[in-house]
Amino acid sequence: MRKVASGKINLSEWVSNYTEDLYSWAVHKVSDTELARDLVQDTFLAAAEKIEGFKGDSTPKTWLYSILNHKIIDHYRKKVKQPVKVENQVFSTFFDEGGDWKKERMPGNWNEDDEGHLLDDVEFQSVLKKCLDALPDKWNTCVKLKYLMNKNGDEICQELDISPTNFWQIVHRAKLQLRNCVEENWFKN
Amino acid sequence: MHKLFLSCLKATELIEKRIHFQLSAKEKLQLKMHKAMCSACSSYEKQSVFLEKGISFHKIPEYTPEDLQELKLEINKKLAEFES
């Protein structure tokens, strides 16, 4: 095994100084503590591997953040490229051949005026979460990306290397399913 | 069907597109006309925007100082393995 000739750099010092910030950042960006752990671990391992490339032009923290951010983007890139089995069934579930709503799947009345309070309702939040979790992984990620990455559609597509059409079509399917799930489990209950 | 008229499938697609991207002038007009005639898609739009709000309120998972300590130990262990 190659010895890391890190000169004056003491990686374990970086670990004690920067792990907290990196971890907290990763948790915010992926909304999953286990995954965030893995990403931060991989970040330090990658740093150890290419420590010679660290010239001190940037601060260690900036350098580590850039590695971590690459890992986060990579994670999302892989996720949005996953194939989804039910992809083509969604439209035929909700629409007839002419593209009109099927009667039984038509959006019902949610009493829109009360919606403001609903978002504070713990039970409603839990129904929404259940419905989000029930989506295929890739769709779940795509509907959350805007808020996790804090970016608009064009930026998301650029970073993840997918076409805008592809992206909003995924979101379209996801939202059809999500809306229906929330209606079935909350408004009709 | 006339070119300007959208199906509900297409109208809901544009509703989702608009949440993340700009619509063209033609698309805006098409969607407006469709919603004027279709109460189901009008409801869909309100509900979809509402769901976006709900999604944006998502809770960031919490971790404890112990989790963090454990992570640091784990990383140091991995680094030690890597360096030996």
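The values are calculated or read from the model by the stated rules, or taken from the named source; none is laboratory data. What you see is a predicted model; the values in this text were computed from it and never measured. All Cβ positions, even for glycine, are placed from backbone atoms using ideal geometry, and neighbour counts span all protein chains on display. Areas reflect the complete protein model, heavy atoms only, side chains present, ligands, DNA and RNA absent. Shrake-Rupley method; radii C 1.70, N 1.55, O 1.52, S 1.80 Å.
Using the alpha-carbon positions of region A:55-189, Rg (one decimal) and Dmax (whole number) come out as 18.5, 64 Å.
Summing both sides, the accessible surface hidden between A and B at a 1.4 Å probe radius is close to 5100 Å². Taking every Cα-Cα distance in chain B and sorting them into 10 Å bins starting at zero, the pair-distance distribution P(r) comes out as 15, 29, 14, 9, 13, 14, 5, 0 percent. In this label model, B:GLN69 and A:GLN125 are separated by 2.9 nm, measuring between points 7 Å along each Cα→Cβ vector.
With a Förster radius of 35 Å, plug the Cβ-Cβ distance of A:HIS117 and A:GLU34 into 1/(1 + (r/R0)^6) and report the FRET value to the nearest 0.05. Kindly include the intermediate steps, with their values, before the conclusion.
Working: r = 33 Å, r/R0 = 0.95.
Between A:HIS117 and A:GLU34 the formula returns 0.55.
Isolated cysteines in the protein assembly as shown, defined as those with no second cysteine Cβ under 4.7 Å, comprise A:CYS142, A:CYS157, B:CYS8.
Shielding of peptide A:162-169 by partners, expressed as the average count of other chain Cβ atoms within 10 Å per residue Cβ, is 3. Modelled this way, with points 7 Å down the Cα-to-C-beta line, the labels at A:GLU13 and A:GLU159 are 3.2 nm from one another. Across peptide B:63-69, the mean count of Cβ atoms from other chains lying within 10 Å of each residue's own Cβ comes to 3.
Between Rg and the Kirkwood Rh of region A:1-95, both from Cα atoms, what is the Rg to Rh ratio? Reported Rg/Rh (Cα atoms, Kirkwood Rh): 1.18. With respect to chain A, whose longest principal axis is taken over its alpha-carbon atoms, helix A:164-182 is tilted by about 60°.
Jot down the per residue volume, in cubic angstrom and as a whole number, of the convex hull over the alpha-carbon atoms of the protein assembly as shown. The partial results should precede the final answer.
Values: hull volume 42.0 nm³, N = 273.
Spread over its residues, the Cα hull of the protein assembly as shown gives 154 Å³ apiece.
Shielding of peptide A:95-102 by partners, expressed as the average count of other chain Cβ atoms within 10 Å per residue Cβ, is 5.
Here the accessible area is traced with a 1.4 Å probe on the protein chains. For the protein assembly as shown, carbon and sulfur cover 50 percent of it.
Over the protein assembly as shown, DSSP H runs of length four or greater, each weighted -39,500 (n - 2.57), average out per residue to a 222 nm ellipticity of -21000 deg cm²/dmol.
The angle between the Cα long axis of helix A:33-49 and the longest principal axis of the Cα atoms of chain A comes to about 30 degrees, rounded to the nearest 10.
Over the protein assembly as shown, with the other protein chains present, what is the accessible area per residue in square angstrom, probe 1.4 angstrom? List each step's numbers first, then the result.
Details: 14810 Å² over 273 residues.
The answer is 54 Å² per residue.
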